[in-house]
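Presented below is the structure to which this report refers.
The values are calculated or read from the model by the stated rules, or taken from the named source; none is laboratory data. Given the structure is predicted, the values throughout are model-derived calculations rather than measurements. In this analysis, Cβ positions are derived from the backbone assuming ideal geometry, glycine residues included, and neighbour counts consider all displayed protein chains. Note: accessible area is taken over every heavy atom of the protein model, side chains too, but ligands, DNA and RNA are not part of it. Shrake-Rupley method; radii C 1.70, N 1.55, O 1.52, S 1.80 Å.
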Amino acid sequence: MMGYMLTPDITTGALSISNAATGNPGFSMSTLGGGFTLSRDFPLYLEGTLGYARYDPTFAASGGQAQGSVAANWDAYSATGGIGWSFPLTGELAIRPVFNFSYGRVDSNVSASGQTGTGAEVDFLHDGRLEAYGIGGSLVLDYERYRPENEIDVELRYTNIYLRSFGGSSAAVQGSADSQSVSLWSRWRAPTDLALLKRPLRYVLEFAHTTFLGDLDGVLGFNKLSIFGTGLELDSSAYDLTVTRTRLMARYHIGQHVKGWSVGLAVSF
């Protein structure tokens, strides 16, 4: 669960998978994250991501006699930070190694009383808690070409963060996970004929694709996600404001056995 929430990734920024018709467990996730480089003269890169996920699995338990099902609610929280340095290859292309570190927690509760399931086999479902830390890194190839007629951003990123459980309740399941992904993110921005706040109103096109590797491969029934996005960007840099740009985006998500849409709001400083 935590592996999908560790880095800024718009393909997994908002996921909600409902399989009520098939009886499969539901899954929902939201993340808030971003990153920035301090300046071209001092290209220190910082990033951070906060995530929340809800997973509702159902377990089969006998309780020593009759077999029945136990529905559980798992709530996961995570926080990940990253620090790196951008090394310019050309005037528009840079390579950026990033060191990542994370903390996560999963809380478990049985959703309804009176269901079959007692004893050691399901003890971890009753008010259980699992904590985990993660250490790893990313390697990013970053292309930026900014011109008056259009702006192009492309990032190719490989991430590998190893998660290991610690602490938690005595009944919690212990373990580890190797969270790997390869992602491509691209954005095209160009001015429209309209002007707001003394700057052109821009239209924005996005494409992103993420392939999940390691222990994330196929966990939710897919190992690839793609998004196609379009939106508008308001430029407020003509005024003395902290926020220089605000983007409203509509995105279509598609992957193996899944599809959907999302609306996102982003700001630049």
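Here are the numbers:
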quantity: The range 175-252 - convex hull of alpha carbons, volume per residue in Å³; calculated: 114 Å³
quantity: Rough spin-label spacing in nm, given labels placed 7 Å along Cα→Cβ, for Leu141 and Phe36; calculated: 2.8 nm
quantity: Nearest-0.05 FRET efficiency for Glu131 and Tyr239, computed from C-beta distance (R0 45 Å); calculated: 0.50
quantity: Computed label-point distance, nm, for sites Tyr203 and Leu93 using a 7 Å Cα→Cβ extension; calculated: 3.0 nm
quantity: Accessible area per residue in Å² at 1.4 Å probe, computed on the range 156-233; calculated: 49 Å²
quantity: Ordering of 141-147, 2-8, 245-251, 76-82 by packing [mean C-beta count within 10 Å, highest first]; calculated: 2-8, 76-82, 245-251, 141-147
